[in-house]
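Heads up, the thing below is written out as C-alpha cells.
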Amino acid sequence: MKSLKYFISGMLTAVLCLMPLTANAEEVIQTNGGYSEDGLWYYNDYGDGTVSVVCQDNTLEEVTVPAEIDGHKITMLELDCFKENTSLKKVILPETITVLEDYAFYLCSGLEEINIPESVEKFGFQTFYGCSSLKEISVPAGLTEIEGYTFDGCTGLEAVHVDKKNQNYKDEDGVLFTKDGTDLILYPASKPGISYTVPAGCTKLEGYAFMANPALKEIRIDSVTEMGEDVFYYCTSLKSIVIPEGITMLTGATFGNCTSLESVTLPETLEVIGSGCFYNCLALKDITIPSSVTTINENAFLNCASLTSITIPETVKTIGDYALGFYYGEEEKPEHLPDFEIDADNGTSAFEYATKFSVKCTGGVTQGIVFVYIVVGVVVLVILAVIGLIIMQKRIQKQHELT
C-alpha cells in the first residue's frame, strides 16, 4: 500500500496533475496543481481539503513554507518535500500544516531548527531520516501518529519534547514514550549519559529505539517483554546487557555493530536469534545459548572476531548460512574464523551446519563420551602393555633355554 501511495504521488507531480487518478472502480479523485508566483513551490490540491507542497529549490538554507498559494490553504508537506537538501538549516511551518508526509526532510543533514505547529497531526515514515544536525524536536499536543523510523538517522538528536496536553505521547527526560509509558519509542542518539534504566512500566522497545547511541555503556531493561528489530544497532559503547525472561525473539540485527559488547545474558524463554543479531560484535568472547532456542538465523554471529567457541544445544533445529564461525575478509566475502570451534553432538543441526561449512566441531567428543574414550584408551594401552610383557618374557625364557 505504501508503494502505491508513492507511485500515485510521484505520477501526480510528474504530469502536473493534468490526468485524474482512479482510486477504484466507483471513485475518481480530481486533482488541481500549480506553481507559486516565485516558482519556489509546486502545490497539489487533492480535492478533499488536502493541499500539499513540494519545494523546487534544494539549495536553500532557510525556508518559510507558505500557508496559502492561489487561494489554496496548504495542509501537507508532500513526499520528499525537501529531500536531500543538505544546505537546509531552518524551516518555519505555517499553522495550517497537519501532515509531514513520508521522507519530507529525508537526508536534510544540515537541518538544525524547525518549528512544529500545534496543527500538525502526523509524522510520516522516515520524515526526518538522516537529519543528523537536529538536536531537539517538539511534539505538539495535536500529534496523533508517528510512523515507523521517523527519526532514523538523527544521530545528533539530544531530546524529544512532548506537549503535556498530547493524548498519545509523552517524554520522560527527553525520551519518547507512548502516553501510558508502556512503549519506549525513541532514546535520542546523542542524549548525554553513559547508563540508562528503562522505567518499570515499560514493556516494549520499539524498533531502532536506541540505535546509533555512541555513549551508553550499560542499559537495564528488566521490565521489557517485547523488542522490535535492530533495537541496539550501532550502540558502539555498550559493554553488557541482560535480556529479561519473557523475550522470545531477538529480531534482526539487535546488537549489530555493538563493537564494545563483551557480555550478553540470554533468557531461557528465547526461541529465535535473528539475522545478523550479533553481527560485528568484535569484543564478544563468550555467550551461552539457552536450550529454549530453536533457530539461529543467517549471519547471526558473523564477524565476532573474539568468539573462538560456542556451545549449541540440540534444541536448535535451524542454523542459517554463515551464522557461526565466519568473518568478512578483505574482499568482503565470508571467510573462516581461525581456531573457531562449535561444541555440539553428532546428528544435531549444529553438527550438520559444521559439516556443510567446514567449521571445526567437537562432534560430541567432549560432552560425556570423552570419559568412555579415555577409559577405552587406558584399557587398550594396558592390554598392549601386558601382551608386550608376555612376548618379552617368552623371548627372554627362550634365550635362557638356548644358553
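The values are calculated or read from the model by the stated rules, or taken from the named source; none is laboratory data. This is a predicted model, so every value here is computed, not measured. As a convention, Cβ positions derive from the backbone with ideal geometry for all residues, glycine included, and neighbour counts pool all protein chains shown. These accessible areas exclude ligands, DNA and RNA; they are computed on the full protein's heavy atoms, side chains included. Shrake-Rupley method; radii C 1.70, N 1.55, O 1.52, S 1.80 Å.
Remark: pairs (first residue in segment 188-201, in contact (Cβ under 8 Å) with a residue 12 or more places away in the chain; second residue open to solvent by 40 Å² or more (accessible area, probe 1.4 Å); Cβ separation under 6 Å; 6+ apart in sequence or on different chains) = Pro188/Glu158; Ala189/Thr155; Ser190/Glu158; Lys191/Glu158; Ile194/Lys217; Ser195/Glu218; Thr197/Arg220.
Of all the residues in segment 323-338, those that are in contact with a Phe, Trp or Tyr (Cβ under 8 Å, 6 or more places away or on another chain) and open to solvent by 40 Å² or more (accessible area, probe 1.4 Å) number 3. Checking the structure you have, find out if any residue of segment 210-220 is of a type in the set (Lys, Arg) and more than 30 Å from Asn85 (Cα to Cα). Yes, the conditions are met somewhere in segment 210-220. If I filter segment 315-330 down to residues being more than 21 Å from the chain's Cα centre (by Cα) and charged (D, E, K, R), which single residue comes out as farthest from Cys361 (Cα to Cα)? The qualifying residue farthest from Cys361 (Cα to Cα) is Glu330.
Taking segment 302-314 as the range and being open to solvent by 50 Å² or more (accessible area, probe 1.4 Å) and of a type in the set (A, V, I, L, M) as the test, only Ala305 passes. For Ile219, indicate whether it is touching a strand residue (DSSP E or B) at 6+ places or on another chain (Cβ under 9 Å), open to solvent by 50 Å² or more (accessible area, probe 1.4 Å), in contact (Cβ under 8 Å) with a residue 12 or more places away in the chain and β-branched (Val, Ile, Thr). Here the answer is no, as Ile219 does not meet what is asked. Annotation note: Cβ proximity below 6 Å between a residue of segment 61-84 that is under 20 Å from Gln126 (Cβ atoms) and a residue that is part of a loop (DSSP other than H, G, I, E, B) and among the β-branched types (Val, Ile, Thr) (sequence gap 6+ or interchain) occurs for Met76/Thr50.
Considering only residues in segment 222-246 that are farther than 21 Å from Asp286 by Cα and without any contact (Cβ under 8 Å) to a residue 24 or more places away in the chain, the one that is farthest from the chain's Cα centre (by Cα) turns out to be Gly246. Pairs are defined by a Cβ separation below 9 Å, a sequence spacing of at least 6 or placement on different chains, a first member in segment 331-355 that is without any contact (Cβ under 8 Å) to a residue 40 or more places away in the chain and within 26 Å of Asn280 (Cβ to Cβ), and a second member that is assigned to a strand (DSSP E or B) and among the charged types (D, E, K, R); the pairs so defined are His336/Lys360; Asp339/Lys360; Phe340/Lys360; Glu341/Lys360; Ile342/Lys360; Ala350/Asp343; Ala354/Glu341; Ala354/Lys360.
Among all residues of segment 279-292, there is none that is in contact (Cβ under 8 Å) with a residue 12 or more places away in the chain, aromatic (Phe, Trp, Tyr) and either in contact with a helix residue (DSSP H, G or I) (Cβ under 9 Å, 6 or more places away or on another chain) or open to solvent by less than 40 Å² (accessible area, probe 1.4 Å) (or both). Consider Asn299 carefully, then state whether it is open to solvent by 30 Å² or more (accessible area, probe 1.4 Å) and touching a Phe, Trp or Tyr at 6+ places or on another chain (Cβ under 6 Å). Considered against the rule, which asks whether it is open to solvent by 30 Å² or more (accessible area, probe 1.4 Å) and touching a Phe, Trp or Tyr at 6+ places or on another chain (Cβ under 6 Å), Asn299 comes out as yes. Scanning segment 61-70 for residues that are assigned to a loop (DSSP other than H, G, I, E, B) and among the aliphatic types (A, V, I, L, M) yields Val65, Ala67. Cβ separations smaller than 8 Å between residues 6+ apart or across chains give the following pairs from segment 165-185 residues that are more than 19 Å from Glu229 (Cα to Cα) to residues that are of a type in the set (Phe, Trp, Tyr) and open to solvent by 10 Å² or more (accessible area, probe 1.4 Å): Lys179/Tyr169. A count restricted to segment 344-372 and to residues that are modelled with pLDDT of 80 or more and either open to solvent by less than 80 Å² (accessible area, probe 1.4 Å) or not small (Gly, Ala, Ser) (or both) stands at 19.
On the given criteria, is Glu341 open to solvent by 30 Å² or more (accessible area, probe 1.4 Å), at pLDDT 95 or above and either more than 27 Å from Ile247 (Cβ to Cβ) or of a type in the set (Asp, Glu) (or both)? Judged against the criteria, Glu341 is a match.
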